[in-house]
1. Going by amide H atoms built from the backbone, whose H comes under 5 Å of the H on Ile85, apart from near neighbours?
2. So what does the Cα-only Debye profile of segment 1-90 read at q = 0.12, 0.14, 0.16 Å⁻¹, as log10 I(q)/I(0), no solvent term?
3. Count charges around Ser22 for me, please; just the other residues with Cβ under 11 Å from its Cβ, Lys/Arg as +1, Asp/Glu as -1.
4. Using the Cβ atoms and a cut-off under 14 Å, what net charge is assigned to the surroundings of Lys5, where Lys and Arg are +1 and Asp and Glu are -1?
5. Could you work out the local net charge near Gln43, counting Lys and Arg as +1, Asp and Glu as -1, over the other residues with Cβ closer than 12 Å to its Cβ?
Amino acid sequence: MYSVKKDLQKNRIYATLKGMISPEEAKEYFDNFVKEIDYFYRQSTPFTVLADIREFKTSSQDVKQIFVDIQKISVQKGLIKSAVIMPESALSGLQGKTIAKESGVAGTERYFSNLSDAEKYLDE
């Protein structure tokens, strides 16, 4: 299960991932996420991303690659910072950090345990 929405006042994309994501659902997530990225890109507006993956379960390589591709597109189209609310599971958290390294967002991405701290980082 996932959700993707944009906040126009904050120039921010909010993404929430929960449970296991199938390759089909990941492709749908990709399409919806890129639609939000493209909105900011067409406006020539840099944006931030807040991803809540606290309830996300580790995914297959196919799904992982889709997440890498989303992050690469985000960087190419104006991402300035991202914040990730991490899961308790060390394995899921490790997968998130690996994806950040592979996609090139590791330098602008920070990890948090709660929404308040993640929002503060992005609002700075």
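1. The answer is Ala51, Asp52, Ile53, Phe112.
2. Debye intensities relative to I(0), on a log10 scale: -0.33, -0.46, -0.60.
3. With Lys, Arg at +1 and Asp, Glu at -1, the net is -3.
4. +1
5. With Lys, Arg at +1 and Asp, Glu at -1, the net is +1.
No lab work stands behind these numbers, since they all come straight from the coordinates. Since we're looking at a predicted model, the values are computed, not measured. Glycine gets a Cβ as well: all are built from the backbone with ideal geometry, and neighbour counts include every protein chain shown.
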